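Presented below is the structure to which this report refers.
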Amino acid sequence: MPRTAIAAIGTCLPDRVVTNAELTRLMDTSEEWIVQRTGIRERRWVAEGQGNSDLALAASRQALDRAGWKATDVEAIVYATLSTDHMFPGDGCFLNAKLGLPGVPALDVRNQCSGFLYGLSVADAWIRSGQYRRILLVGSEVHSTGLDVTTRGRDVAVIFGDGAGAALLEATDDPARGVLSTHLHADGRFARELWTDAPGSFYHPRLQPRMLEDTSAFPKMEGQKVFKHAITKMPEVVRAALEKNGLTAADLKVLIPHQANLRISEMVQRSLGLRDDQVFNNIQKYGNTTAASIPVCLEEAVRERGVARGDLVALAAFGAGFTWASALLRW
Ligand code: UT7
């Protein structure tokens, strides 16, 4: 049975850098609060006219160049995001058109911060089953156009940023490379602890003027509850992945935790007993880019930490749903 290897990763972070100082001009917050509570120093926001699928396109093109693939080598697209350009269809179809791939299937995944790992799990199953050999897996978000950037929404607004990461997945027969296992979880009892209530088909009509007034159209988060679950579930799901493969934390070259909060990453690191050089974070520069955070972080880690062929890499995520997930792979 073939395994799934990552042939290349591309990323796209919008040019516009939004510093904490800039946010202090929009809402009652401070550089000190944001850095102490989250580790974030700046994030990127799209320019007007730059959409989610545009970021994904740029990231995909960079990945294709790096792998030496033509767009037409892609046999399927898996696209993870919570912030689609339009209500429907999903951005997988828009990316399909922008890459010039009529007929190539496009699957949209909406599992928020765990979206990239849910997508990886599906793509890995397709590759192992022999259905496809070359898959484009994207995580892309545009949060900035949907945030309440007033003091009312400051707990959420300071955290999130825009960006995209695209991984090209290919079938390999090399037993020393590829995805070893993926582990997916959800607990919908907590669906309303981190969500955007409206617009939604539950409401008649689904879009109402009051939704802006009463802030139900903006993301809401019970921050401390999310935090507590994240620092428990992320180490748990990494341990499960290691145990399943007869490996230990000491075997890891690097862990890429979903970039939700630097304090969460540090607690996950401590819980797993990992050294500083075994965990990579870049939330300081980009904030929380949800489905994009793992591929964007992995791409930088590979370059900056010198991840080499055969090195053991763990990916872990926790977020809205609640959903959480991990993957273990040999680079
Ligand atoms: O990727 C999806 C998953 N998301 C996460 O994993 C996020 C998890 N949660 C967190 O990262 C943290 O809970 C936050 C960073 C969101 C908040 O940090 P916290 O230490 O849990 O703060 P808090 O919510 O307990 O709020 C403490 C205080 C409150 O004021 P009072 O009630 O103590 O007077 C807030 O109103 O901080 C206030 N506050 C702010 N102050 C300045 C909330 N947001 C801000 C802000 N600037 N941006």
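The values are calculated or read from the model by the stated rules, or taken from the named source; none is laboratory data. Here the structure is a predicted model, which is why all the values come from computation and not from measurement. A quick note on method: Cβ atoms are made from the backbone with ideal geometry, for glycine too, and the neighbour counts reach across all protein chains shown. Surface areas here come from the heavy atoms of the whole protein model, side chains and all, with no ligands, DNA or RNA. Shrake-Rupley method; radii C 1.70, N 1.55, O 1.52, S 1.80 Å.
At a glance:
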{"read-out": "The listed residue being at pLDDT 95 or above, surrounded by 24 or more Cβ atoms within 10 Å (Cβ to Cβ) and not acidic (Asp, Glu), out of Val109, Val104, Val122", "value": "Val109"}
{"read-out": "Gly100 over 21 Å from His143 (Cβ atoms) and without any contact (Cβ under 8 Å) to a residue 24 or more places away in the chain", "value": "no"}
{"read-out": "Residue in segment 286-299 that is crowded, with 24+ Cβ neighbours inside 10 Å, touching a residue at least 12 places away in the same chain (Cβ under 8 Å), over 19 Å from Ser181 (Cβ atoms) and charged (D, E, K, R) present", "value": "yes"}
{"read-out": "Scope segment 100-117; condition in contact with a strand residue (DSSP E or B) (Cβ under 8 Å, 6 or more places away or on another chain) and either within 16 Å of the ligand (Cβ to nearest atom) or not in a strand (DSSP E or B) (or both); matching residues", "value": "Leu101, Val104, Pro105, Val109, Arg110, Asn111, Gln112, Cys113, Ser114, Gly115, Phe116, Leu117"}
{"read-out": "Close pairs from segment 18-31: first closer than 13 Å to Ala157 by Cβ and open to solvent by 30 Å² or more (accessible area, probe 1.4 Å), partner of a type in the set (Gly, Ala, Ser) and in a strand (DSSP E or B), Cβ under 7 Å, at least 6 apart", "value": "none"}
{"read-out": "Counted residues, segment 61-82 - those being open to solvent by 30 Å² or more (accessible area, probe 1.4 Å) and touching a Phe, Trp or Tyr at 6+ places or on another chain (Cβ under 6 Å)", "value": "1"}
{"read-out": "Top-ranked residue in segment 241-268 [being assigned to a helix (DSSP H, G or I) and within 15 Å of the ligand (Cβ to nearest atom); ranked as nearest to Lys228 (Cα to Cα)]", "value": "Ile264"}
{"read-out": "Matching residues, segment 19-58, being assigned to a strand (DSSP E or B), under 18 Å from Ser140 (Cβ atoms) and more than 13 Å from the ligand (Cβ to nearest atom)", "value": "Arg44, Trp45"}
{"read-out": "Total residues in segment 271-309, condition on the phi > 0 side of the Ramachandran plot and either in a helix (DSSP H, G or I) or within 14 Å of the ligand (Cβ to nearest atom) (or both)", "value": "2"}
{"read-out": "Test: residue in segment 149-157 that is at negative phi, in the same structural domain as Ala260 (by TED's automatic domain parsing) and acidic (Asp, Glu)", "value": "no"}
{"read-out": "Some residue of segment 124-139 being on the phi > 0 side of the Ramachandran plot, touching a residue at least 60 places away in the same chain (Cβ under 8 Å) and not assigned by TED's automatic domain parsing to the domain that holds Val109", "value": "no"}
{"read-out": "Selection status of Val149, in a loop (DSSP other than H, G, I, E, B) and open to solvent by less than 60 Å² (accessible area, probe 1.4 Å)", "value": "yes"}
{"read-out": "Filter result (open to solvent by 20 Å² or more (accessible area, probe 1.4 Å) and either within 12 Å of the ligand (Cβ to nearest atom) or in a loop (DSSP other than H, G, I, E, B) (or both)) within segment 161-174", "value": "Asp173, Asp174"}
{"read-out": "Condition met for Glu222 (surrounded by fewer than 17 Cβ atoms within 10 Å (Cβ to Cβ), within 16 Å of the ligand (Cβ to nearest atom) and among the acidic types (Asp, Glu))", "value": "yes"}
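Yes or no, residue by residue, for (1) more than 24 Å from Lys233 (Cα to Cα); (2) within 12 Å of the ligand (Cβ to nearest atom):
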site	(1), (2)
Gly119	no, no
Trp126	yes, no
Ile135	yes, no
Glu141	no, yes
Ser144	yes, no
Val149	yes, yes
